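**Student:** Before anything else, here's the structure in question.
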Amino acid sequence: MKIIKAEKITKTVADLCLKANCVLRKDILRKLKSAYKQEKNSRAKKALGAIIENARIAREEKLAICQDTGLPIVFVKLGQDVRITGDFKKAVLKGIALGYQRGNFRESIIQDPLKRGKSSYKGAIIHIDIVRGNKLGLTVLPKGFGCENKSQMKMFNPTAGIEEVKKFIVNTVKSSGADACPPYVVGVGIGGSADYAGFLAKVALLKKIDTKRSSLERDLEKEIGKLGIGPMGLGGKVTCLAIKIESYPTHIAGLPVAVNISCHALRSASATL
Amino acid sequence: MKKINTPLSENDILNLRAGDEILLSGEIYTARDQAHRRVVDAIKKGSRLPFALKNAVIYYCGPAKTPKGKIIGSCGPTTSSRMDAFTPLLLSKGLKGMIGKGARSKEVRSAIKKNKAIYLLAPAGCGALISKYVKSAKPIAYQDLGPERITKLEVKDFPLIVGIDAKGRSIYA
């Protein structure tokens, strides 16, 4: 049994918010740099150059990579042998507010989605998974809404087949067009239920993008590349930095597919206590 | 690269073509979703507007907070198409330029053509970089909207690409 104090969780979450929003993920930066080298279209190359320069300025001056510091999505891996003293969820929310305040990030969260009203730092999506062991894993993914708005989900017939699914994924990227800050990272969730497929699509965005690809991911990357959207939507070679797929058992009657679009500034940071 | 100053002259606008790269200097106003709704309401009611629309340039942006010692925080463009429903009315009242990211509706494109205006693209997802082109920032209206308030910015050599020109030609088409 390991005891972790709520205060420690708050501090860790605050640090993760700062890191995620100001320091671009290494795997994303590597991919952007290799895309920059490969790009021949001069406008696209310039756009990629600006994205890389932006990441440098953000890191060195502790500025947010993007003014849209997103809706914070927190993924928790709670070891079953951990005991938390204090209020866990409050500790996480407090950490978010603290981190966002310290970073001078934007207050982008409103309490009532219909009446809207004043925005603040109050709120996050928290996913908790209970795992073996005595460690607490925390990941913060600040999700900007320019790209979240372009995400889609569809309940296919079980007889639909892979080509229809591929078409839906490619079309979701196509309809994002230039609007959601390409080059994109595309997270896909296949299987589970309507809500779970959406969750899986988000989880897919946590995977390192330069790890080994499945043949389906490779095929889709090629298809998406043919769309020719390019950085900033101005044409060029790189429309998608990576596509990552998570799948899960589902029902004989269905085939849920969710696509979560991320802008080029895919941000997340993790810590283990 | 052409250097252009605000307020935009008709001559400047007519000489630009979709795809041209420019460096913009001068005053621009941030306004996004809720500010657009309020400005449009004010026009319909005939009440006073927070700034003169005639020849003005709007930047679709909700900046991050300003860190100590800085002029402004991260301040990149937001998705322009969310403002499409409000834009034709603003153009008919004299708005000359818009800065944002992404494509616009057919209606906006024809309103741009009709009113000889221009739509400009800012480096999308580069808010930290863009903060370097801002020389002053002063919130002027709708303070209760927080990051969506209207802020008057003075920019210097802000690098932009013409997205839709005064003839209605689009870089995306």
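Read the figures in this text as sums done on the coordinates, not as results from a lab. Predicted model only: the values in this text are computed from it and were never measured. All Cβ positions, glycine included, derive from the backbone under ideal geometry; neighbour counts span all protein chains shown.
**Student:** Tell me the label-point distance for the pair A:SER214, A:LYS2, using the 7 Å Cα-to-Cβ offset, in nm and rounded to one decimal.
**Tutor:** Going from the A:SER214 label point to the A:LYS2 one covers 3.1 nm.
**Student:** At a 10 Å Cβ-Cβ cut-off, how would you order A:HIS127, A:HIS264, fewest neighbours first?
**Tutor:** A:HIS127, A:HIS264
**Student:** Need the list of aspartates and glutamates near A:LYS90 for cross-linking: C-alpha distance under 12 angstrom, and skip anything on the same chain fewer than eight residues off.
**Tutor:** A:GLU7
**Student:** A follow-up question, please. Rounded to the nearest 5, what % of DSSP beta bridges with both residues in the stretch B:19-173 are antiparallel?
**Tutor:** So the antiparallel bridges in the stretch B:19-173 amount to around 65 percent.
**Student:** While we're here: Quick one: which of B:LYS2/B:LYS167; A:LYS115/B:LYS106; A:LYS5/A:LYS62; A:LYS37/A:LYS208; A:LYS40/B:LYS70 span more than 25 angstrom between C-alpha atoms?
**Tutor:** A:LYS115/B:LYS106; A:LYS5/A:LYS62; A:LYS40/B:LYS70
**Student:** Working out 0.36 nm times the residue gap between B:LYS152 and B:SER47, then minus their Cα-Cα distance, what length gain in nm do you get to one decimal?
**Tutor:** On the way: separation 105, 0.36 × 105 = 37.80 nm, distance 2.01 nm.
Length gained between B:LYS152 and B:SER47: 35.8 nm.
**Student:** Grab the DSSP H runs of chain B that are 4 residues or longer, score each as -39,500 (n - 2.57), total them, divide by all residues and round the 222 nm result to the nearest 500 deg cm²/dmol.
**Tutor:** -5500 deg cm²/dmol
**Student:** Other chains' Cβ within 10 Å of A:59-65 residues: what's the mean?
**Tutor:** 6
**Student:** Explain nothing, just the number: relative contact order of chain B, from Cα pairs under 8 Å at least 6 residues apart, as a whole percent.
**Tutor:** Reported as a whole number, the value is 31 percent.
**Student:** How shielded is B:142-150 by partner chains, expressed as the average number of their Cβ atoms within 10 Å of its Cβ atoms?
**Tutor:** Mean inter-chain Cβ contacts per residue within 10 Å come to 3.
**Student:** Please give the peptides A:228-237, A:78-87, A:190-199 ranked by average Cβ packing (other Cβ atoms within 10 Å per residue), highest first, as a rough proxy for protection.
**Tutor:** Going from most to least packed, we get A:228-237, A:190-199, A:78-87.
**Student:** Give the relative contact order (percent, whole number) for the stretch A:146-268; include only Cα pairs under 8 Å separated by 6+ residues.
**Tutor:** After rounding, I find 44 percent.
**Student:** Using Cα pairs closer than 8 Å and at least 6 residues apart in sequence, work out the relative contact order for chain A, in percent.
**Tutor:** Rounded, it is 27 percent for chain A.
**Student:** While we're on this one: Determine the shielding of peptide B:60-72 by partner chains: average, over its residues, the number of Cβ atoms on other chains within 10 angstrom of each Cβ.
**Tutor:** Neighbouring Cβ atoms belonging to other protein chains average 4 per residue here.
**Student:** Still on this structure, I have one more. Give the residue from B:LEU24, A:PRO72, B:SER105 lying farthest towards the positive end of the charge dipole for the protein assembly as shown; charges sit on Cβ (+1 for Lys and Arg, -1 for Asp and Glu) and the dipole is referred to the Cα centre.
**Tutor:** B:LEU24
**Student:** Could I ask something else about it? Which of B:PRO147, B:PRO159, B:PRO50 ends up with the largest GNM mean-square fluctuation for chain B, with Cα atoms connected below 10 Å?
**Tutor:** Top of the fluctuation ranking is B:PRO50.
**Student:** Additional query: Please identify the cysteines of the protein assembly as shown that lack any partner cysteine with a Cβ under 4.7 Å from their own Cβ.
**Tutor:** Those would be A:CYS17, A:CYS22, A:CYS66, A:CYS240, B:CYS61, B:CYS75, B:CYS126, since no other cysteine Cβ in the protein assembly as shown comes under 4.7 Å of theirs.
**Student:** Let's test the formula: R0 of 60 Å, r as the Cβ-Cβ distance of A:ARG30 and A:LEU114. What FRET efficiency results, to the nearest 0.05?
**Tutor:** That pair, A:ARG30 with A:LEU114, gives E of 0.90.
**Student:** Would you please classify the overall shape of the protein assembly as shown from the alpha carbon gyration tensor, given that a ≥ b ≥ c denote the square roots of the eigenvalues, rounded means a/c under 1.5, and beyond that prolate means a/b larger than b/c while oblate covers the rest?
**Tutor:** Prolate, because a/c is 1.5 or more and a/b exceeds b/c.
**Student:** Okay, next question. Can you sort A:ARG56, B:ARG48, B:ARG37 from fewest to most other Cβ atoms within 10 Å of each residue's own Cβ?
**Tutor:** Numbers: A:ARG56 13, B:ARG48 6, B:ARG37 17.
Taking fewest neighbouring Cβ atoms as first place, the list is B:ARG48, A:ARG56, B:ARG37.
**Student:** Based on DSSP, what percent of beta bridges with both residues in the protein assembly as shown are antiparallel, to the nearest 5? Display every interim value, and only then the final one.
**Tutor:** Numbers: 44 of 78 bridges.
Close to 55 percent.
**Student:** Within a Cβ distance under 12 Å of B:PRO123, other residues only, what is the Lys/Arg minus Asp/Glu net charge?
**Tutor:** Surrounding charge for B:PRO123 is +2.
**Student:** Can you give the charge dipole size of the stretch B:14-141 about its Cα centre, rounded to the nearest 20 debye, using +1 on the beta carbon of Lys and Arg and -1 on the beta carbon of Asp and Glu?
**Tutor:** The calculation lands at about 280 debye.
**Student:** Okay, helix-only estimate at 222 nm for chain A: each DSSP H run of n ≥ 4 adds -39500 (n - 2.57), divide by all residues, round to 500 deg cm²/dmol; what do you get?
**Tutor:** Using -39500 (n - 2.57) per qualifying helix, the result is -12500 deg cm²/dmol.
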